Each structure stands twice: as C-alpha cells, then as structure tokens.
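**Q** Got a structure for you, written out below as structure tokens; questions coming shortly.
Just so you know, all these numbers are worked out from the coordinates, no wet-lab data involved. Fair warning: this is a prediction, and the values are worked out from it, not measured in the lab. Neighbour counts are summed over all protein chains in view; Cβ atoms, including those assigned to glycine, are modelled from backbone coordinates with ideal geometry.
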Amino acid sequence: MKRPVWRERDFALLWGGQSVSEVGSQVTILALPTLAIFTFHAGPAAVGLLVASNRVPFPILGLFAGAIVDRVRKRPLMIACNLARLVILAAIPVLAAASALRLWELFVSAVGMGLFTVFLDIAYLAYVPALVDPDQLLEANSRLEVSFSGSALVGPGLGGVLIQAVGAARAVLVDAFSFLVSAITLFSIRRSEEPAAAQGRHFLGEVSEGLRHVFGSPVLRAQLLCMSAAGLFAHAFEAPLYIFAYGRLHLSPGLLGAILASEGIGSIIGSVIAMRVIARFGVGHIVALADGVAIGVSALIPLAVFLPPVAFLFPLFIVIGTMGTIGNIAQVTLRQSLSPARLQGRMTSVFRTFFWGAWPIGNLLGGVLAAGIGASTTLWLTSLLGLAANLTIVFTPLWRVRDFGTAPAGLEPQLDAATPAAP
C-alpha cells in the first residue's frame, strides 16, 4: 500500500515551510490595514487601495509569469521570491523605528510583496504535481489546504496579540521570518527537478498556448469566468470589514484577530471532510455551492450591530472557513487534473490573472462603495452579488462534473452518466 503523501519527506518539507509562511502572511494581512487606520488615519478608500495593492501585479504580470515558470526550475525561483519578500517586509519596522515610515511606503511594500508573490504562487502550484503521483493530488491539495486552514486559525489571533503588544509595524517581522523558514525548507528538498523542455516557440506563443488550453476546455473556461465574477464581489468585503469592525463595532485588533481566527477553525474542518464531501456530492456541485455559501453568508456580518459581536461572528466565520476550504480544494484539484505538467504554470497563471486580477478590483470597489454608501450596506450588497455570480456555474458544463479527470490532459473529466457531456 502506498504511503500517505504527508509521510513523503520532500512533500512534508514543502508542506511545513508553506504552513509557516501562511501563518506569517496572515499576521501581515491584519497588520498593514491596522497600521494604516490607526497610525495614518486612512479612510475606507485608502484602506481598499492598500489591500488591493498586494494583488495588483497579478493581472499585469500573471500570464507572463506563468510562461516563465514553465521555462525554469521552480524550486530555486520560489527560494529567491521568499528571500525578496523577507527584505521588503523587514524594511517596515526599520523605517518605523527611525520615525521615517510613511503611508505611501506601505503601498510600495504591498505592491513589492505582490510582485514576488505572483511568481512564487504560480511556481508553488505548478510544483506540487511534480512532487506527488497523480492519484495523490487530491490528498496533497487537502493537506496543503490545512496549511492555509491552520494559518487562518493561528495567524489573525497571533497578529492581533502582536499588534497590541509591540505595534503593527514590528508585528510584520513574524511574516519576514516565516519567509526565511520557507526558503530553508525548500532548499532542503532532495528530489531533483529537471527544467521544462524547450517549447520551440516564441515567448508570446507559450503565453497564448496557456490561454488556449484554459479557454478551449468548457469546464475550465466556466470555472475561470464564473469564479472570477464571484471573486470580484467576494473580495469587495475586505476593506469595509476593517472599517465596520473598528468603526461600528469598536473592536480592538486583538478581538478582531480572534474573530478572524475562527475562520481557520472552519478551514481545518473543511480540509478534513473535503474528500468525503466532494465524493458524495460531486466536483461541480461543490465548486458552485460550497463557494457560494462561503460568499453569501458574509451578507450577515452587519447583523453584528444588533447582536453580541463575538458570539455572532465567531460561528459565522467558522461556516465561511469550512465551505470556502471545501470549494477551494475541489476547484484547485480539478484544474490541475485537467492540465499536463508542461502547462501547469501557464494554466495557473491564467487563473491567477483573471481570478486574482478581479481581487484588487473588488478591494477598490469595496473601499469606494463603503465611502459612499457605508460599510454595512457594502458588506451585504457585495456578498449577495458574489453569491449570485458563483451560482451561474449551475448553467455551465462545470455543474455536471462528477469526478476529477483521469484521462489524458485536455479531455474533460468524467460526467454524470445521466447527463450528456457538453459539446
């Protein structure tokens, strides 16, 4: 019997390093907007722009980054990106200690982090299929999702405590250190990685091939377009959430961090039960419904004004974390299973360009709407619009997907026997 994927040394190193890095990143996610609000008195629009800055490089560089990732060895690239992000974040507490930190420097740091995250994230997802066998891919993604789940549980709470204890600027040092740990674990992986074979075509031709692969598949195309539309609204809630929590609910950073940490509890639950839930209900149904619920229940957040905030928001974020994690595991494994090894980087880059490209637009939209119609109204409006967008999957071939594809890359996955395959 084949050993569980988590007992494979090289995968365990990747998993461990990513887990530490994710915890650190969750600290920064809370620390930067908190620093902007309390130190520089940033308003909703400025907070939305700051949150968006980290994702801006994705729609600009994503497609080209994917082609580059498919041309080079991925592990050295990931190590270099981690070290670069370490330097960028370490500069924030240094400038703060010298009383030289300015708001615009937070924006520069966020963009710089996003620049290297583009390459690291695409390389990371493209590297996983090279470390595990195809029949271990779902298990590997479930384990890696535990990294995000654990970080969402530990990171916000740790961030809130650190922000109150040492200040938001110094708190980001935890994230900087986590990148060093990730770089060391990547360096320790023994499995050799051969560079991708030369494609024999122009660089733009390689980018075009990745686009044709995704848009030429009815399932991948539906997944990309529907989830990108949903993501536009789903991520519009982030900036209003900080304004709402600090301004309307009068929460401290530590208490907000504890509430956000409850999403991590849900994420752990989701990562544990995901394989069984996906097998029971089918891939397409889970991508549509699990992600839809995770987005839609965010519309209930403004009710915390009328109820005890912690008692109400804590279980709400558990639901968000559980459903979002199950949907994420399903959709990531699906697109990896439908893509050959030589296109993994470019396939991921197409999804990152569109889905994560919609992310900063959503952040900006949320900030602008919160400034105009209020944080509470923005939270429920964008959540309901995101739910509606995600449910459009029901009308696409993706809805009929039952199992992950095991056929040669480029073919559609197995569909329900009672439902004819899409043309």
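**Q** For the stretch 26-184, what mean projected area does the convex hull of the alpha carbons give, in nm²?
**A** 9.9 nm²
**Q** State, to one decimal in nm, how far the label point of F281 lies from the label point of V394, with both points 7 Å from Cα in the Cβ direction.
**A** Taking the simple label geometry, F281 and V394 are separated by 1.3 nm.
**Q** Please identify the DSSP H helices in the chain that span no less than 18 Å along the helix axis (Cα) and have a mean Kyte-Doolittle hydropathy of 0.5 or more.
**A** Passing helices, by number: 9-40, 57-71, 74-97, 103-131, 137-166, 173-187, 218-234, 253-281, 283-296, 309-337, 357-373, 375-390.
**Q** Looking at the stretch 250-334, which chymotrypsin sites (Phe, Trp or Tyr not before Pro) are DSSP coil and have at most 11 other C-beta atoms within 10 Å of their C-beta?
**A** Sites meeting the loop and neighbour criteria: F306.
**Q** Okay, next question. Expressed as cubic angstrom per residue, what is the convex hull volume of the alpha carbon set of the chain?
**A** 133 Å³
**Q** Take the chain, mark every one of the trypsin sites (Lys or Arg not before Pro) that falls in a DSSP loop and has at most 13 other Cβ within 10 Å, then report the longest stretch left between them, sites excluded.
**A** 202-423
**Q** Reported to two decimal places, what Rg/Rh ratio describes the stretch 170-274 when computed on Cα atoms with Rh from the Kirkwood expression?
**A** 1.10
**Q** For the stretch 83-106 and the stretch 212-289, what is the separation of their Cα centres, given in Å?
**A** 30 Å
**Q** Let me ask you something else. Mind checking Rg over Rh on the stretch 253-382, alpha carbons, Kirkwood formula for Rh?
**A** 1.02
**Q** Given L95, L14, P218, which one lies farthest toward the positive end of the charge dipole of the chain, if we put +1 on the Cβ of every Lys and Arg and -1 on the Cβ of every Asp and Glu?
**A** Ranked along the dipole, the leading option is L14.
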